[in-house]
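Worksheet: one structure, shown below.
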């Protein structure tokens, strides 16, 4: 596997020096994107995002929970991720890996920092101090690079299709009662860095060959979060330029929502 990866790295880098990619995309071009909303009937909201050969399922479950002790008037948002072994040979069952923890945190941070979900409005009337808890579960079903952008799209789509359930006589009745009232649409744009070449929506081969990676989450008007990966560095001017690109690509991605 390691020898094969080294061969792939050299091939990808040689192509990029000629301004080309293995799948004939432009450097700033996304793979084909499709979104399927509500494939699961057991969740308040769900979505499958297919980004090229990468496929991610996200479910949004909502329940009445106790608030955090230091935030008694706020609802709860929790994001978890599972990299299913069937999705990629290197994914293993067991405790969460570093990659799954990073993916969950990147998606959670973008949504949380955007404040698109108003946690302060999630106190349950007549719930004796309980609040709504929104639980996002990310499942990577097929992996060929860039599960960050696919997961963010699927997470936002699942939230947009979800509604708060009813709360009657101290019990949660899982029937749609009220939309979540999202304030904005959060998307992320992931870029792999190859020195003077920057590649949007990297495939797996491009990810392993890159010097560094950055994922930038935005709303229509706001920069929400950034996450850098791998050892290579980016200059201040490069980061600022990539933020501009993230806003431009964000408009394309939001059209799918």
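No lab work stands behind these numbers, since they all come straight from the coordinates. Model, not experiment: these values are computed from the prediction. A quick note on method: Cβ atoms are made from the backbone with ideal geometry, for glycine too, and the neighbour counts reach across all protein chains shown.
Odds and ends about this structure:
- For the pair residue 9 and residue 121, label points projected 7 Å from Cα toward Cβ lie 4.9 nm apart.
- In plain terms, the bigger the Kirkwood radius, the slower the diffusion; for the chain, with that radius from Cα pairs, at 10 °C and 1.306 mPa s, Stokes-Einstein puts D at 83 µm²/s.
- Considering only 231, 50, 13, the Gaussian network model of the chain with Cα springs below 10 Å gives its largest mean-square fluctuation to 231.
- Placing pseudo-labels 7 Å out from each Cα toward the beta carbon at residue 91 and residue 248 gives an inter-label distance of 3.2 nm.
- Potential lengthening between residue 34 and residue 80 on full extension [0.36 nm per residue; Cα-Cα distance subtracted]: 14.3 nm
- Remark: 221, 102, 175, 252 ranked as 221, 175, 252, 102, counting other beta-carbon atoms within 10 Å and listing the fewest first.
- Approximate spin-label separation residue 238-residue 171, in nm, with each point projected 7 Å along Cα-to-Cβ: 5.8 nm
- Cα long-axis angle, helix 236-254 against the chain (0 to 90 degrees, to the nearest 10): 60 degrees
- The separation of the range 79-104 from the range 160-230, counted between C-alpha centres, amounts to 17 Å.
- Share antiparallel - DSSP beta bridges, the chain, percent rounded to 5: 85 percent
- Ordering of 178-190, 150-162 by burial proxy (mean other Cβ atoms within 10 Å per residue, highest first): 150-162, 178-190
- Whole-number percent relative contact order across the chain, with pairs defined as alpha carbons under 8 Å at least 6 apart: 22 percent
- Compactness of the range 4-107 was expressed as the Cα radius of gyration divided by 2.2 N^0.38 Å, which yields 1.48.
- Considering only Cα atoms, the convex hull volume of the range 130-257 works out to 132 Å³ per residue.
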